[in-house]
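The values are calculated or read from the model by the stated rules, or taken from the named source; none is laboratory data. Since the model is a prediction, treat every value here as computed from it, not as a measurement. Every residue, glycine as well, gets a Cβ built from its backbone with ideal geometry; the counts of neighbours run over all protein chains shown.
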Amino acid sequence: MSSAVTRPPPGRVAIEDVTGLRERSLGQKLLSSQPFWVTIALIVMALAMSWYQPEAFASADNFFNITRNFAFIGIMAIGMTAVILTGGIDLSVGSIMGLAGVVCGLVLQAEGHWALAVLAGLLTGAAVGLVNGVLISYVGLPAFVVTLGTLSGARSLAIVLSENKMIYEFGPWGDAFNAIGGGSIVGVANPVWVLLALAVTFSVILNFTNWGNYLYAIGGNENAARLTGVPVRRIKLQAYVVSGLTAALSAVLIVGWQGSAINALGQGYELRVIASTVIGGADLMGGQGGAYGAVIGAALIEVIRNSLLMAGVDANWQGAFVGLFIVLAVLLQRIRTRRSA
Amino acid sequence: MPLLELRGISKHFGAIEALKAVDLTVDAGEVVGLMGDNGAGKSTLVKVVAGNYLPSEGELRLDGTVKHFRRPVDARTEGIEVVYQDLALCDNLTAAANVFLGRELKRRIGPLAILDYKAMYARAAELFKELKSETRPRDLVRLMSGGQRQAVAIARTRLANAKMVLMDEPTAAISVRQVVEVLDMIHRLKDRGIAVVLISHRMPDVFAVCDRVVVMRRGRKVADKAVASSSPEEVTGLITGAIQAA
Ligand SMILES: Nc1ncnc2c1ncn2[C@@H]1O[C@H](COP(=O)(O)OP(=O)(O)O)[C@@H](O)[C@H]1O
Ligand SMILES: [Mg+2]
């Protein structure tokens, strides 16, 4: 979004000459966009791995696994992007996933219809998101504190509801439910299709609707947005509901894929989700980011994880590498904004 | 009949009396300078007219009808536009996006209403041209000079058929050349019959563009006279309190 723009010397150019011009070529825009560079990094890494481990890495099986694994995170990262654009944060997504997953499991266990299970799961996510949103935008509490509270609260509720047991006896509609998250279409896992559809939908929403535009405006200058008549509170509330919904959607898919629901589902995911959006170019101060960035950030993290695994690096090092990439991403972002400031 | 008439407007913030029984009238096409020391109540007065605050006491009439503005949008629908002291711009958005913020142009594609960037860029370019500003619609506000930012904030007031534009210190933080640009823009608003209330600390600006100067001191209006029958010395005296009232 930002780069140094060469402007004509002020006062010497007729407006007509200038307004007709495109201020930045597509090429310049690309070069200054973080998702572009992350995409390059992803391609380089995938090529390197394909050369280094052609059988293991570049196999159809591994592609299937990698894409499915990051789809769960990517879906949540898209919802998180809406929140982060407003300058907020949602730490509760991992717990929402756990709670929504348990709710799905309980409905199926009670021989409920698969559609009812999906609906109940999504409503659970939306409800927690609503609690977050009301407390943050109407009561005015800090997002960090509120969502830290729901992180704890939703997880605890998941443990209570599940009576701390794994739920796997899914009743008559279990197979149909499991087919949603566990199935695949033309060799691509269903969660990946959901991710793609969601990414396209959100790209359109963020770039071409009022609502998307308002997210950016609120993140840029909340007070200005309010003064110009943007319904700031309502939009912020909706962002948290969206984040809750995407976390729940991801829960529906992951429970179907695993064929069971445990209350620890999604533990620690909030960090991976936030890391994905940041690596993909979202600014934690708000006002900058996008759906594609969130997805590509999630993909990069998963490829790093997968590569380290295949390179025989101790799994315990993964966190360090992911952390390194987060810091690098923020550094890159800082350098870009400084250049254009 | 005056365009705007304030009668006995007071505004308290707890124990602070920011405005004390202020009367003020503004006619269509008139440019009124509002001067006073820091904390005199200028911004508060503008915010009452703009719908940011309901007055604690007093009455606001627009074209003779009493109005109660509860939100900025209420004032805006009545043709009152504001250029806020801090400009109220989003740095991360383009000039055009800022101009249309809250009033986006949309076009229908089937059941969907999507933003009509083409129309917004074109209209914003027109407005900047009308203001004789070299601001470009697609530029990010973050990259703009103070004068260009002013142009964005002023262009925003030209979207609807404004009757009145309130400007809170538009020339406080910009270079001399840009001040000239802003004063030109005020002339252009006046030419179109739009009333302007200009808050400014800069005496030359007020004497260059205003028809009338109003001086506030500690929440009270202490002077209200034609610029032609006053002088910078007198106004300075009124602001500081060396002259009690005029
Ligand atoms: N929102 C507010 N809450 C409390 N006091 C305020 C508020 N806004 C302004 N004031 C007080 O009202 C007085 C007038 O302020 P203001 O209208 O901003 O003055 P000016 O714009 O002339 O410098 C000041 O004493 C200021 O501290
Ligand atoms: Mg002020």
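Worth pointing out:
- Taking the criterion of being over 13 Å from residue A:270 (Cα atoms) and buried (at least 24 other Cβ atoms within 10 Å of the Cβ), the residues of the range A:84-106 that qualify are A:85, A:86, A:88, A:99, A:100, A:101, A:102, A:103, A:104, A:105.
- Out of B:193, B:147, one residue alone is over 30 Å from residue B:237 (Cβ atoms), in contact (Cβ under 8 Å) with a residue 24 or more places away in the chain and crowded, with 21+ Cβ neighbours inside 10 Å. It is B:147.
- Condition check for residue B:54: within 15 Å of ligand 1 (Cβ to nearest atom), surrounded by fewer than 22 Cβ atoms within 10 Å (Cβ to Cβ), among the aliphatic types (A, V, I, L, M) and within 21 Å of residue B:190 (Cβ to Cβ): no
- Test: residue in the range B:106-117 that is buried (at least 23 other Cβ atoms within 10 Å of the Cβ), more than 16 Å from ligand 1 (Cβ to nearest atom) and not basic (Lys, Arg): no
- Qualifying residues in the range A:310-341 (those that are over 21 Å from the mean Cα position of the chain (by Cα) and within 14 Å of chain B (Cβ to nearest Cβ)) - the one modelled with the lowest pLDDT: A:341
- Only one of B:50, B:18, B:40 that is in contact (Cβ under 8 Å) with a residue 40 or more places away in the chain and farther than 15 Å from residue B:221 by Cβ: B:50
- Test: residue in the range A:229-242 that is more than 18 Å from the chain's Cα centre (by Cα), basic (Lys, Arg) and part of a helix (DSSP H, G or I): yes
- A single member of B:103, B:61, B:76, B:7 is within 25 Å of residue A:211 (Cα to Cα), basic (Lys, Arg) and surrounded by fewer than 21 Cβ atoms within 10 Å (Cβ to Cβ), and it is B:103.
- Flag for residue B:199 being within 16 Å of ligand 2 (Cβ to nearest atom) and in contact (Cβ under 8 Å) with a residue 40 or more places away in the chain: yes
- Residue that is farthest from residue B:42 (Cα to Cα), among those in the range B:225-238 that are outside any strand (DSSP E or B) and touching a strand residue (DSSP E or B) at 6+ places or on another chain (Cβ under 7 Å): B:230
- The residue list B:222, B:206 contains one member that is within 16 Å of ligand 2 (Cβ to nearest atom) and outside any loop (DSSP other than H, G, I, E, B), which is B:206.
- Looking across the range B:57-94, just one residue is free of Cβ contacts under 8 Å to residues at least 12 places away in the same chain and within 16 Å of ligand 1 (Cβ to nearest atom), and that is B:86.
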